[in-house]
Every structure is written in structure tokens, then in C-alpha cells.
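Here is the structure we will look at, set down as C-alpha cells.
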Amino acid sequence: MMAADPTALPVAVLAGGLATRLRPITAKIPKLLVEVAGEPFFSHQLRLLQRAGLTRVVLCVGHLGEQIVARYGDGTSWGMQLDYSFDGEKLLGTGGALIRALPKLGDAFYVLYGDSYLPIDYQAVGRAFLASGKLGLMTVFENREAYDASNVWFEDGRIRLYSKKEKPPQMRHIDYGLGVFRAAAFVACPHDAIVDLAAVQTDLCSRGELAGYEVPERFYEIGSPAGLNELDQMLRHKKTAPNSKPD
């Protein structure tokens with residue numbers, strides 16, 4: 001039976017990619033360990049999750065993932081419970097990595113990208129998912145092409161279309177980077193194969209099984225040098241601002 005408490009859901013962090021856009025920084029370290037405002041990026045992510053009351057994290061790792069294990073261990077020093085799922089000999093893609101991690105994730109779970117910094121109400125997102133009764137939920141932001149290409153037609157509180165190929169004029173929102181899923185959303189997918197999470201989301205949307213949750217706060221990312229620099233400056237300013245709180 002699925003948990004009714006959003007804080008009981010674990011968080012899968014997708015962090016198995018090669019991070020080629022950040023090279024040479026990521027030539028010898030994984031993206032989660034890239035320094036942002038004087039700390040590894042994952043420390044900032046953990047702080048956001050901890051503040052939201054989410055303490056169980058499963059890291060889907062691949063390239064140089066052993067360094068993350070060595071740095072953070074089982075999460076005890078953070079008051080968190082960290083577990084790891086390795087892709088194996090080949091990278092499995094975002095969906096494939098989640099499918100491999102399903103035994104550690106249980107019936108339902110959040111999904112967060114390993115380069116996303118999302119200062120939002122995670123519990124509200126979890127509650128919306130649990131109330132929806134659907135197999136998945138996508139957070140969306142009214143982007144209007146401001147930060148990346150809009151890929152969601154969101155209207156009247158629901159996702160009418162999610163596509164990285166089609167581009168109707170009603171597409172003003174973007175996938176914000178936080179999702180929630182039931183394990184059953186992946187039941188038809190092959191195991192130990194390359195699967196794109198976006199393809200799973202597109203399929204769920206076409207079947208009316210993808211709930212939408214609009215977020216008012218913009219997202220930050222370290223997937224690109226420009227994004228990394230922007231977040232670094234934002235967090236450094238936050239640390240030095242009067243009456244600032246830890247991220």
C-alpha cells in the first residue's frame with residue numbers, strides 16, 4: 001500500500017551522466033561534487049531535501065559514482081539515509097537508471113535531476129501527487145522560453161501535451177525538474193536497457209496518467225557553465241545577505 005505521507009516517499013536523484021558540458025571540471029569528478037558556493041553541489045541539494053523533511057535518498061549513479069559514495073557514505077552525518085544504485089557496465093539513461101533502482105525505491109517516489117537546484121515546497125508536490133491518483137506527476141513552470149525551450153502545454157490545471165518534438169503555440173511551460181511516480185509507471189519498460197524518462201512521461205501524458213503541478217519559483221541548474229556560474233553567484237549572495245538562511 002502506498003504511503004499517504006509525502007515525507008515517507010524516498011527521493012531518487014538521477015546522477016549517472018557524463019556531464020560533458022561541464023568539462024574539464026567534470027573530467028575527474030562527477031557533477032554532484034562540482035563546487036558551488038564553496039561546497040559540493042550535492043550538499044546544497046541535500047539541504048533542500050532535509051529542510052522539506054525528506055530524509056531517504058537513492059542516488060542513481062554511474063560515471064565516477066564511487067567518489068560520491070566515498071564523500072557522503074550512508075548519509076548519517078547529514079541525518080539522512082542514503083543508498084546507491086549503479087548503472088553497471090553501460091549507462092542506462094534517466095528512465096533505465098530509475099528502473100534499475102526500483103527495488104530500493106518502493107511503490108512511489110520523487111525523482112530529482114542531479115543538476116537541479118529547486119527551492120520549492122516538496123511536500124506540497126508530494127501531496128498533490130498522492131491526491132491525484134495518477135501514475136506520475138510533473139512539476140511545471142511558466143517559462144515562456146526564458147530559461148530553456150518550453151515543452152509543456154499546461155492548461156486548466158492539467159498537462160495537455162508534453163513533448164520535446166511538437167511545438168504548438170500553447171506550449172508556454174517547461175518540465176521543472178521534479179517528478180513523482182508510482183513504480184507501476186515503469187511496468188512495461190525493459191530492464192537493464194536504455195530508457196529515457198521523457199519517453200515514459202510522454203506515454204503517461206498520452207494515457208491521461210500524468211498529473212501537473214505548477215510551480216511559481218524559477219529553477220536553477222548546474223548542467224551548463226552559465227547555469228553553474230549563475231547558481232554559484234546566487235548562493236554566495238544568499239550567504240552574505242543580512243538575515244539570510246542556509247540554502
Item to complete: Select from region 73-103 the residues that are of a type in the set (Lys, Arg) and crowded, with 16+ Cβ neighbours inside 10 Å and list them in ascending order.
Response: 100
Fill in: Condition met for residue 113 (in contact with a strand residue (DSSP E or B) (Cβ under 6 Å, 6 or more places away or on another chain), open to solvent by 10 Å² or more (accessible area, probe 1.4 Å), within 20 Å of residue 94 (Cβ to Cβ) and of a type outside the set (A, V, I, L, M))
yes
Worksheet item: Out of curiosity, is residue 18 of a type in the set (A, V, I, L, M, F, W, C), open to solvent by less than 10 Å² (accessible area, probe 1.4 Å) and in a loop (DSSP other than H, G, I, E, B)?
Response: no
Discussion item. With the requirement that a residue be in contact with a helix residue (DSSP H, G or I) (Cβ under 8 Å, 6 or more places away or on another chain) and open to solvent by 20 Å² or more (accessible area, probe 1.4 Å), what does region 133-153 give you?
Written reply: 134, 135
Worksheet entry | Scan of region 80-95 for residues that are more than 14 Å from the chain's Cα centre (by Cα) and at pLDDT below 95, ordered by number | 86, 87, 88, 89, 90, 91, 92
Practice prompt. Go through (1) within 30 Å of residue 184 (Cβ to Cβ); (2) surrounded by fewer than 19 Cβ atoms within 10 Å (Cβ to Cβ); (3) touching a residue at least 24 places away in the same chain (Cβ under 8 Å) one by one and return the number of the condition residue 61 breaks.
Written response: (2)
Worksheet item: How many residues are touching a residue at least 60 places away in the same chain (Cβ under 8 Å) and in a helix (DSSP H, G or I) when one looks only at region 206-226?
Response: 1
Worksheet item: Within region 212-230, can you find the residues that are among the aliphatic types (A, V, I, L, M) and crowded, with 22+ Cβ neighbours inside 10 Å?
Response: 222, 228
Worksheet item: Which condition number does residue 55 fail, the rest of (1) open to solvent by 40 Å² or more (accessible area, probe 1.4 Å); (2) more than 16 Å from the chain's Cα centre (by Cα) being met?
Response: (2)
Discussion item. Can you tell me which of (1) in a helix (DSSP H, G or I); (2) open to solvent by less than 30 Å² (accessible area, probe 1.4 Å); (3) modelled with pLDDT of 95 or more; (4) out of contact with any Pro (no Cβ under 9 Å at 6 or more places or on another chain) is the one residue 181 doesn't meet?
Written reply: (1)
Item to complete: Hey, can you tell me all the residues within region 185-201 that are in contact with a Ser or Thr (Cβ under 7 Å, 6 or more places away or on another chain) and surrounded by fewer than 19 Cβ atoms within 10 Å (Cβ to Cβ)?
Response: 196
Worksheet item: Does region 154-175 contain any residue that is within 26 Å of residue 9 (Cα to Cα), in contact with a His (Cβ under 7 Å, 6 or more places away or on another chain) and at pLDDT below 95?
Response: yes
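The values are calculated or read from the model by the stated rules, or taken from the named source; none is laboratory data. From a predicted model like this one, the values you see are computed outputs, not experimental measurements. Quick reminder, even Gly has a Cβ in these numbers, built from the backbone with ideal geometry, and neighbours come from all protein chains shown. Quick note on the areas: whole protein, heavy atoms, side chains included, nothing else; ligands and nucleic acids left out. Shrake-Rupley method; radii C 1.70, N 1.55, O 1.52, S 1.80 Å.
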